[in-house]
Every structure is written in C-alpha cells, then in structure tokens.
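The values are calculated or read from the model by the stated rules, or taken from the named source; none is laboratory data. Please read all numbers here as calculations on a predicted model, not as lab measurements. Using ideal geometry, Cβ is built from the backbone for each residue, glycine included, and neighbour counts are taken over all protein chains shown. Only protein heavy atoms, including side chains, enter the accessible area calculation; ligands, DNA and RNA are left aside. Shrake-Rupley method; radii C 1.70, N 1.55, O 1.52, S 1.80 Å.
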Amino acid sequence: PGGDKEQSKVAVEKAVELAGDDREQLSAALFYRATLAEDDEAQLADLNQAIKINPKNMDAIRVRAAYYFRQQEPEKAMQDLNKWLESDEPNADNYIQVAQQLMMTGDKFDDAMQKEAIRILDKAIEIAPKNPAALTMRARVNMISENLEEAVKDTGRAIELDKKNLEALLLRGSILSELERYDEALADINKAIRLQPTFGAFQLRSMIYSQQQDFEKAIADIALLL
C-alpha cells in the first residue's frame with residue numbers, strides 16, 4: 001500500500017535476471033518491467049521483446065495495444081486486440097471493451113474504424129444477443145456513421161431487453177430528434193426523466209422543445225437546470 005516504484009524496479013530487474021532461459025517467465029518479467037517504464041520507447045521495446053519471446057503473452061499484447069492507442073495508431077492497436085480476442089473463449093464484454101477503445105480515438109475514428117467497430121459489435125451481439133450494452137454501443141457507432149434508422153432499431157432492441165435502460169432511452173430520444181420525430185423523442189426522454197431526472201435528460205428535452213418552437217417549456221427546463 002502506498003507503493004514504492006524504486007523497489008519495484010529492483011524486483012523486476014531481479015525477475016528478468018532469474019528468468020534465465022525460461023521463455024515464459026522471461027516474457028512475464030519483461031511485461032512487468034514494461035509497465036514500470038518511464039518513457040514510451042523503453043516500454044515498447046520491452047513489450048515487443050516479451051511478445052517475441054512468448055507470442056501467447058496476452059497481457060503484453062493488450063498493453064501494447066493500449067500503447068498504440070495512446071500513440072494514435074489504432075490500426076496497429078487493432079492487430080493486437082484481434083489476437084487477444086481470438087486467443088480466448090468468445091466473450092461479449094471483451095468485444096464491447098475493444099469497440100469502446102476504438103470510439104475513444106477521436107479524429108482517428110474515421111469510416112474505416114467505424115466499420116471495424118460495427119464488425120466487433122456484431123460479433124459481441126452474436127455471442128450475447130440479449131446484451132443491451134452491445135446493442136446500445138452499436139447504436140452509438142451507427143449514429144456517428146449517420147445510419148440513424150439502424151441506430152433506432154438497436155436502441156429499440158436494447159429497451160425491449162431492459163425497459164429501464166436510461167442510456168438507451170436517452171440515446172434513442174436524441175436520434176429520433178435528429179430524425180425530427182419529436183413526439184416519439186419526447187416520450188423516450190420523459191420516461192428517462194421519470195426513471196432518473198438527470199441534467200442531460202432535461203438539457204436534451206429543452207433542445208427538442210426549442211426545435212418545436214415551444215419556447216416556454218424550453219425555458220422552464222433551462223431554468224430548472226440553472
């Protein structure tokens with residue numbers, strides 16, 4: 001508790017030394033040393049070596065993927081993450097986690113990356129068709145890709161699976177608003193507010209009221225937020 005980085009460095013160097021010709025132990029020791037590295041170049045060198053020595057070191061592969069994401073190299077990150085996904089029993093949560101990482105790449109989340117995220121989420125839904133989280137995330141990607149009708153379908157399925165799914169209700173309300181289906185959007189948002197009166201829900205409702213030119217209700221929601 002509290003940590004002692006210098007002692008960690010001493011211990012991990014000793015672990016590398018003691019691993020000797022045991023490739024699995026040496027790969028593990030290099031992986032741990034990479035997690036303690038203070039610069040990117042040293043971290044990548046240890047991760048590369050750990051994976052070269054033991055290509056089945058999935059901890060090193062996952063951390064290298066995170067490194068590539070930090071370096072704004074999502075293509076390389078996905079090569080590692082696909083190896084990780086294929087290395088174990090199919091797990092929908094793992095696929096959702098990877099798609100979420102892709103969505104956090106900012107400007108790099110272009111058409112190609114959006115298609116890759118959809119492919120990954122398709123697999124997650126195939127593994128666990130009753131997982132509302134995968135459906136809601138695929139709806140978000142479809143919304144970004146402007147496939148709004150597909151996004152409405154996915155949020156609809158998520159809500160069918162979980163009637164109190166606040167995230168799916170607000171997301172569908174936002175998408176329906178973009179489609180100018182304001183009454184349907186308000187129905188979703190009002191239900192979300194009844195479940196949990198959040199800042200975002202009132203803000204979204206005030207925007208829809210404004211789009212309907214019902215300014216008194218819009219101002220009332222904004223006043224409530226203030």
Worksheet item: Within segment 30-42, which residues are over 19 Å from residue 84 (Cα atoms) and open to solvent by less than 60 Å² (accessible area, probe 1.4 Å)?
Response: 36, 37, 42
Worksheet item: Taking into account only those residues within segment 160-173 that are over 20 Å from the mean Cα position of the chain (by Cα) and part of a helix (DSSP H, G or I), which is farthest from residue 206 (Cα to Cα)?
Response: 161
Worksheet entry | Residue satisfying condition, being touching a Ser or Thr at 6+ places or on another chain (Cβ under 7 Å) and either under 30 Å from residue 125 (Cβ atoms) or at pLDDT 95 or above (or both), within set 78, 103, 58 | 58
Discussion item. Among the numbered criteria (1) part of a loop (DSSP other than H, G, I, E, B); (2) of a type outside the set (Phe, Trp, Tyr); (3) more than 30 Å from residue 129 (Cβ to Cβ), which one does residue 89 miss?
Written reply: (3)
Practice prompt. Considering each of 206, 177 in turn, give the residue that is more than 27 Å from the chain's Cα centre (by Cα), among the hydroxyl-bearing types (Ser, Thr, Tyr) and part of a helix (DSSP H, G or I).
Written response: 206
